[in-house]
Amino acid sequence: MLSYFIKRLLAVIPILVLTSIIVFAGLQLAPGDPLTHLIDPMEMTADFDREALEEEYGLNDPIYVQYFSWAGSLIQGELGYSLVNGAKISDVIFRRLPATFELAGAALFISSILGILLGLISSIKPNSSIDYFGQGFGVLGVSIPDFFLGICAIQIFAVTLGWFPVGGRLEYGTEGFLDRADHLIMPALILGFSLTAAVMRFTRGSMLDILNKDYIKTARSKGIPERVVYAKHALRNALMPVVLILMFRLPFLVGGTIVIERVFNWPGMGSMIIEAVTGNDYPVIMVTTLLVSYVILLASLLVDLITALLDPRVRFE
Amino acid sequence: MKSVTTRSSIVQKQWSNLKRNRLAVFGLFIIVVLGLATIFADLLTSYSPNGVDLSNRVQPPSTEHFLGTDKLGRDVFSRVLYGGRLSITIGLCGALGAAFLGVIFGSIGGYFGGWVDRILLRLSEVVMSFPALVLIMIFIAIFGQDVFNLIIVFAVTGWIGEYRLVRGRFLSLKNEYFVESCRAYGMSNLRIIFGQILPNAITPVIVSVTLATALYVIAEAGLGYLGLGVPPTTPTWGNILNSAQSIDVVREYWWLWLFPGSVISLFVLGVNTFGDGLRDLIDPNQ
């Protein structure tokens, strides 16, 4: 197990490095003076010595030296400064991150539970009306753009029925859990909808696959109740690929978060990225992208390890 | 001559199989109807998609303006038709471009193996670890908003699926006897790859292109909604929905987002059901 872990870790490192090189190249390609995002704007007083500063920050060094010093400061948490408002990028990210984790986490939670449940139900009686309903739900989930669904939900549940607030995360001055949940439910459900559909389709396919296996027939012929066959024998093995699909969906979840945060005025990283793109705030865009891709890479490493723990065959591939 | 007749009979058989899948036929029907409607937009509406008419701003649907007018008095029906033409083109070209890259990389990597394959594999892992939407936004931030840029971005960020498919097929096919006999005849690597192996590996790519088209039509709509897609003056399905960012539009002028959004959903639904049917046809195991 340990050797597998080390092997996977070593395979991830070149990707981490390559990703950072691409982002660094993007920063170099982006128009603008690199000095503006490297130093605190308060230091740029009228009489600052540009050439001395350029020398100090190594802007005259060869490009690979610049890359190493940039990567070094990145590791120490020095992410640079925004071009638009001069704020420290790390501060902005830490302020925005909890909101995004709250939304994405809730969506992931809802969609895993709902998707697995629906997939399980429709796999019990394939080609029944329940199954067709589930499959229709699945196709709709991947076909309707999530922002359009969000707009419809706002119109129906917030404007017409008035059940939920139109957007935002918290009313000014309120702090209770109920206030939070009130704001969270709609965006999390909409964001989770397409993910639910994907998980559902995958669980169904994987369950049908497993239910045709010989050991299920053996279990049935032993007289094990059907309920136990499903819950204990089939589901455990069918869930493995579902864990994998959750990992592959992670980048989609990030993309969905960006759009849904805009629809519901959610003050998270997604809104930050959009503001950065519309404001041509290249350092913010690049650094955020790098961090997001690192999170996705680490998550995929974690999923690999979990799969290896659950399924010994993976380790000896 | 003989091979031609067998091939056409295979097509006939597949077509009759496809016809039995009612959902897939339904999908094809939607694609054809909406596709034809956008191609012959000039015949279906007399309004120009960019014809500003300030005396008729935000009119609800009427006999004169089938789906109402927007904030500048432009006819929404006409904009949906002309916008669809561009949105579908962008989606299809993006999917084809991505498939082209994926097929080239996959066949070269799978056939030659070794360090070429390893580099391509790492590259694919890097691209996969970036969330596509963020990558697209970066491209647009650096290279500007443009139809052609958008297609290029879709191609560059979307080739992983096809790459994996084709590479896998090449890995299993390159040791088959027919490939070895080609080599024994002294056929060049290029001819073996593209003339002999690729035709045996290309069918799943067709399904993949179909489903990717659906994905890119949605992506274009999302980008347009955020105001980051094609320049906002050009009508596309995404740009029509751009105005729905403001809550006033959502609340007061429902025809500005309900109709375009429904048409996008309907088209993507059609492409997805058709793609699923195609996949069942090509790969009955799934």
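The values are calculated or read from the model by the stated rules, or taken from the named source; none is laboratory data. The structure presented is a predicted model; accordingly, all values stated were derived computationally and were not measured. Quick reminder, even Gly has a Cβ in these numbers, built from the backbone with ideal geometry, and neighbours come from all protein chains shown.
Residue pairs whose Cβ atoms lie under 6 Å apart, sitting 6 or more positions apart in sequence or on different chains, and linking a residue in the stretch A:1-21 that is under 14 Å from A:Leu297 (Cβ atoms) to a partner that is surrounded by 13 or more Cβ atoms within 10 Å (Cβ to Cβ) and of a type in the set (S, T, N, Q), are A:Thr19/A:Ser293. For the stretch B:267-275, the criterion of a residue being touching a Ser or Thr at 6+ places or on another chain (Cβ under 7 Å) and aromatic (Phe, Trp, Tyr) is satisfied by at least one position.
Being in contact with a Ser or Thr (Cβ under 7 Å, 6 or more places away or on another chain) and polar (S, T, N, Q) is true for just one of B:Ser124, B:Ser129. Which residue is that?
Every option except B:Ser129 fails the conditions.
Only residues that are within 12 Å of chain A (Cβ to nearest Cβ) and of a type outside the set (Val, Ile, Thr): list them for the stretch B:217-231, please. B:Ala219, B:Glu220, B:Ala221, B:Gly222, B:Leu223, B:Gly224, B:Tyr225, B:Leu226, B:Gly227, B:Leu228, B:Gly229, listed by residue number. A:Ala238 meets all of the listed conditions (1) in a helix (DSSP H, G or I); (2) in contact with a helix residue (DSSP H, G or I) (Cβ under 7 Å, 6 or more places away or on another chain); (3) more than 9 Å from chain B (Cβ to nearest Cβ); (4) closer than 26 Å to B:Gly222 by Cα but one, namely (4).
The C-beta contact set for the stretch A:169-188 (first residue farther than 14 Å from A:Thr100 by Cα, second residue in a helix (DSSP H, G or I) and at pLDDT 65 or above, distance under 7 angstrom, 6+ apart or interchain) comprises A:Glu171/A:Asp179; A:Met186/A:Ala153; A:Met186/A:Phe157.
When you go through A:Ala104, A:Ala153, A:Ala99 one by one, which is the residue that is surrounded by 14 or more Cβ atoms within 10 Å (Cβ to Cβ), touching a Lys or Arg at 6+ places or on another chain (Cβ under 7 Å) and over 21 Å from A:Ala238 (Cα atoms)?
A:Ala99
Can you tell me which residue in the stretch A:80-96 is farthest from the chain's Cα centre (by Cα), limited to those that are free of Cβ contacts under 8 Å to residues at least 60 places away in the same chain and assigned to a helix (DSSP H, G or I)? Among residues in the stretch A:80-96 that are free of Cβ contacts under 8 Å to residues at least 60 places away in the same chain and assigned to a helix (DSSP H, G or I), the one farthest from the chain's Cα centre (by Cα) is A:Asp91. Tell me yes or no: at least one residue of the stretch B:58-68 is crowded, with 16+ Cβ neighbours inside 10 Å, modelled with pLDDT under 90 and in a strand (DSSP E or B). Checked the stretch B:58-68: no residue is crowded, with 16+ Cβ neighbours inside 10 Å, modelled with pLDDT under 90 and in a strand (DSSP E or B). Specify the residue that is farthest from B:Leu198 (Cα to Cα); the eligible residues are those in the stretch B:128-154 that are crowded, with 21+ Cβ neighbours inside 10 Å and modelled with pLDDT of 85 or more. Step by step, filter the stretch B:128-154, then rank; the result is B:Leu150.
Taking the conditions exactly as written (touching a Pro at 6+ places or on another chain (Cβ under 8 Å), within 14 Å of chain A (Cβ to nearest Cβ) and of a type in the set (Gly, Ala, Ser)), does B:Ala141 satisfy them or not?
Details: touching a Pro at 6+ places or on another chain (Cβ under 8 Å): no; within 14 Å of chain A (Cβ to nearest Cβ): yes; of a type in the set (Gly, Ala, Ser): yes.
No, not satisfied.
The residues of the stretch B:76-110 that are buried (at least 19 other Cβ atoms within 10 Å of the Cβ), hydroxyl-bearing (Ser, Thr, Tyr) and at pLDDT 90 or above, listed by number, are B:Ser87, B:Ser107.
Being away from chain B (no Cβ under 14 Å), in contact with a helix residue (DSSP H, G or I) (Cβ under 8 Å, 6 or more places away or on another chain) and modelled with pLDDT of 80 or more: is that true of A:Ala153 here? Reasoning before the result, please.
On the way: away from chain B (no Cβ under 14 Å): no; in contact with a helix residue (DSSP H, G or I) (Cβ under 8 Å, 6 or more places away or on another chain): yes; modelled with pLDDT of 80 or more: yes.
Here the answer is no, as A:Ala153 does not meet what is asked.
The residue that is nearest to the chain's Cα centre (by Cα), counting only those in the stretch B:162-172 that are of a type outside the set (A, V, I, L, M) and buried (at least 22 other Cβ atoms within 10 Å of the Cβ), is B:Glu162.
Would you mind stating whether A:Ile190 is at pLDDT 85 or above and within 14 Å of chain B (Cβ to nearest Cβ)? Please lay out each step first, then the result.
Numbers: at pLDDT 85 or above: yes; within 14 Å of chain B (Cβ to nearest Cβ): yes.
Taking the combined requirement at face value, the residue satisfies it.
Right, A:Ile210: assigned to a helix (DSSP H, G or I), facing chain B (nearest Cβ under 8 Å) and crowded, with 17+ Cβ neighbours inside 10 Å or not? So A:Ile210 does not fit the description; no. Hey, can you tell me all the residues within the stretch A:270-283 that are more than 9 Å from chain B (Cβ to nearest Cβ) and touching a Phe, Trp or Tyr at 6+ places or on another chain (Cβ under 9 Å)? Correct list: A:Pro283 only. Among the conditions (1) more than 12 Å from chain A (Cβ to nearest Cβ); (2) within 18 Å of B:Phe77 (Cα to Cα), B:Val209 misses just one, which is (2). Applying the criterion of being closer than 22 Å to B:Ser87 by Cβ and free of Cβ contacts under 8 Å to residues at least 40 places away in the same chain to the residues of the stretch B:8-45, the residue that is surrounded by the fewest Cβ atoms within 10 Å (Cβ to Cβ) is B:Leu43.
Does B:Asn50 qualify as being touching a residue at least 40 places away in the same chain (Cβ under 8 Å), surrounded by fewer than 17 Cβ atoms within 10 Å (Cβ to Cβ), in a loop (DSSP other than H, G, I, E, B) and of a type outside the set (A, V, I, L, M)? When the stated conditions are applied, B:Asn50 passes them.
So how many residues does the stretch B:241-266 have that are facing another protein chain (nearest Cβ under 9 Å), buried (at least 21 other Cβ atoms within 10 Å of the Cβ) and within 23 Å of B:Ala95 (Cβ to Cβ)? Of the residues in the stretch B:241-266, 4 are facing another protein chain (nearest Cβ under 9 Å), buried (at least 21 other Cβ atoms within 10 Å of the Cβ) and within 23 Å of B:Ala95 (Cβ to Cβ). Of the residues screened, A:Ser122 is one that is over 20 Å from A:Gly268 (Cα atoms) and either more than 11 Å from every other protein chain (Cβ to nearest Cβ) or surrounded by fewer than 18 Cβ atoms within 10 Å (Cβ to Cβ) (or both).
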